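Scroll down for the structure; my scribbles are underneath it.
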Amino acid sequence: DGGITQSPKYLFRKEGQNVTLSCEQNLNHDAMYWYRQDPGQGLRLIYYSQIVNDFQKGDIAEGYSVSREKKESFPLTVTSAQKNPTAFYLCASSIRLTNYGYTFGSGTRLTVV
Amino acid sequence: DAKTTQPTSMDCAEGRAANLPCNHSTISGNEYVYWYRQIHSQGPQYIIHGLKNNETNEMASLIITEDRKSSTLILPHATLRDTAVYYCIVTTENAGGTSYGKLTFGQGTILTVHP
């Protein structure tokens, strides 16, 4: 079945370490997105990508980096510069850069200790 | 993007219709109304969207008032699996530039469906 796979589901890291969250889709979607969600809050956009080798900052890009070397993959690196990295991270994709019909992954819960 | 206002929480009996309101009084002419829902600890799920006409799909119906300042998402026969946070989002569909693809999720409405 087509979908988006985020791994791992739970991730623990020590403060000061960089960590990379995986996001893979087999939907042949052009656009991919990364969101962050804090407890009781809505989603906030970190980065998005329209096509391979292109990506744009979202509303809260500081302390994060991404790459889009393949259409299927959009990994997110949480760097040590991110002051409050503990959160629920969601990856999404859409057939093109649009606002409807997003498919979301099941998320990665990152805890920094 | 226009701001939306939703009730914090709502309850509904299983089998009854769930009517979730959303106010968007500052909506502009080229902005669409989108609805997504998020079941606990999962990614959000797209439900429906519309511009000014009422819309219906296999999941729900969307009723937009004539002045477009408010809308209602209707789940016709709510089940326990419909318990989730429902997000109403107003934004342009294809503006190009900064609003394209940037869905802004507020805090939404927590819908609890009771047996």
Among the candidates A:N84, A:N28, single out the residue that is touching a residue at least 24 places away in the same chain (Cβ under 8 Å), assigned to a loop (DSSP other than H, G, I, E, B) and open to solvent by 20 Å² or more (accessible area, probe 1.4 Å).
A:N28
Consider A:S106 against the criteria (1) in contact (Cβ under 8 Å) with a residue 40 or more places away in the chain; (2) facing chain B (nearest Cβ under 10 Å); (3) assigned to a strand (DSSP E or B): it satisfies all of them except one. Which criterion is unmet?
(3)
Residue match in the stretch B:53-65 (condition: surrounded by 19 or more Cβ atoms within 10 Å (Cβ to Cβ), more than 22 Å from A:I95 (Cβ to Cβ) and either over 13 Å from the mean Cα position of the chain (by Cα) or among the basic types (K, R) (or both))
no
Checked the stretch A:31-59 for anything open to solvent by less than 50 Å² (accessible area, probe 1.4 Å), part of a loop (DSSP other than H, G, I, E, B) and not acidic (D, E); matches are A:G42, A:G58
A:Y89 vs (1) touching a His at 6+ places or on another chain (Cβ under 6 Å); (2) open to solvent by less than 30 Å² (accessible area, probe 1.4 Å): all pass except (1)
Looking at A:E62, A:E72 in this structure, which one is open to solvent by 30 Å² or more (accessible area, probe 1.4 Å) and either under 18 Å from A:Q37 (Cα atoms) or free of Cβ contacts under 8 Å to residues at least 24 places away in the same chain (or both)?
A:E62
Selected residue (only one of A:Q6, A:Q37, A:Q41 is free of Cβ contacts under 8 Å to residues at least 24 places away in the same chain and within 14 Å of another protein chain (Cβ to nearest Cβ)):
A:Q41
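The values are calculated or read from the model by the stated rules, or taken from the named source; none is laboratory data. Values in this document were obtained by computation on a predicted structure and should not be read as measured data. Note: ideal-geometry Cβ built from the backbone for every residue, glycine included; neighbour counts use all protein chains shown. Side chains are part of the model used for accessible areas, which takes the heavy atoms of the whole protein and leaves out ligands, DNA and RNA. Shrake-Rupley method; radii C 1.70, N 1.55, O 1.52, S 1.80 Å.
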